[in-house]
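Everything below concerns the one structure shown next.
What follows is calculated from the coordinates using simple rules that are stated; it is not laboratory data. Only a predicted model underlies this, so the values are computations on that prediction, with no experimental measurement involved. Positions of Cβ are backbone-derived with ideal geometry, glycine not excepted, and every protein chain shown enters the neighbour counts.
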């Protein structure tokens, strides 16, 4: 097999890149280890920045997003039993966010690629990449029982944190930066209309909580917990009780409903530099991870592949590799800005293990400053909706 760009991974990064290349007339093959059903069922992020929404619309995969996505113009920070609204759009030049699950983005992108009849190979086994420092890198895998080798001009490693692409880069090439956080999120998906119109980030002496949503009939809520929390210790009754305690304010009621899903997600920050080795270009979670508090993971992945697609178009149209050479540095500027923002949101809102009253008062002071200073609120708003330039 032969193609121009071989894409490993059919998550948002790989699928979006494939779509952008298709529109530019550049050939690609997408190879994915998981099944289509698995890819379309993974519950992940649900907050899209303005820039990500604009790109999906321009790529012709925004019809359902336009119809079903929920546009939000603000979020609330809650502490000391009070909610303080941050008017995102007012502070960030009219830009907004859209609540539309990553699962739905993936479904839309898969449907568009299949409709175009372009190669999208699910359940590829033993995927590996080779000859990355040559002009003809290769992807080897087994598909439907047949050993395959795909020769490419370029390989895009969009196969996530645990994928094979980053692991194929020789030892000593990458610098890796990471931080493990001593807490996780217990997340639930509940079949009940959301009790809030906009996201609520709640600071509480028992731990952080987030009130989010997926649709007018589905609520997505989170509780700070241990990263190794045993779900057996969290029956539905305890989850609802804790949500009531951590998010309750006078004159407001949290409506309960059947819990459809629950799970615990650990939290880490991770960046590798550079994001290129030879003809391999890393994108999305293969190159960086952010804690979910700042809602940046999906948005960073989309920005990576937009940058990569622009570089590949320049390469194929003009034979100019300058944007490919600049790819890593261009992405990393935004990545580190988002890493800082996500770390800042996380440490401001989550209670550290063994926290003492001093820790609590520092967090409350920071929250008061953000909610009373227009400059601080503007900084939060601009980062949350997505900086136009970094």
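Structural remarks
- Among 101-107, 353-359, sorting by the average number of other beta carbon atoms lying within 10 angstrom of each residue, highest first, gives 101-107, 353-359.
- Between region 70-95 and region 261-314, the alpha-carbon center distance in angstrom: 26 Å
- Taken over the chain, the percentage of Cα pairs per 10 Å bin, counting from 0 up to the bin with the maximum distance, is 5, 23, 32, 24, 13, 4, 0.
- Share of alpha-carbon pairs per 5 Å distance bin for region 1-88, given as whole %: 3, 10, 16, 18, 17, 13, 8, 7, 4, 2, 1, 0, 0
- Tail beyond 13 Å, pair distance distribution of region 274-337 (Cα, percent): 60 percent
- Ordering of 177-189, 366-378, 155-167 by packing [mean C-beta count within 10 Å, highest first]: 155-167, 177-189, 366-378
- With helices as the sole contributors, the chain gives -11500 deg cm²/dmol at 222 nm; each DSSP H run of n ≥ 4 counts as -39500 (n - 2.57), and the sum is divided by every residue.
- C-alpha center-to-center spacing [region 351-390, region 109-178] in angstrom: 39 Å
- For region 236-306, the spread of Cα positions along each principal axis, largest first, Å: 57, 23, 19
- Pairs of alpha carbons in region 135-193 separated by more than 20 Å make up 55% of all such pairs.
- Ranked by the mean number of other Cβ atoms within 10 Å of their residues, highest first, the peptides 67-77, 47-57 fall in the order 47-57, 67-77.
- Using a Gaussian network model of the chain in which every pair of alpha carbons under 10 angstrom is joined by a spring, one finds that among 269, 215, 322 the greatest mean-square fluctuation is at 322.
- On the principal axes of its alpha-carbon atoms, region 339-388 has extents of 39, 24, 10 Å, going from largest to smallest.
- Ratio Rg/Rh, restricted to region 271-390 and using Cα atoms, in which Rh is the Kirkwood radius: 1.11
- For region 185-229, projected area of the alpha-carbon convex hull averaged over all directions, nm²: 3.3 nm²
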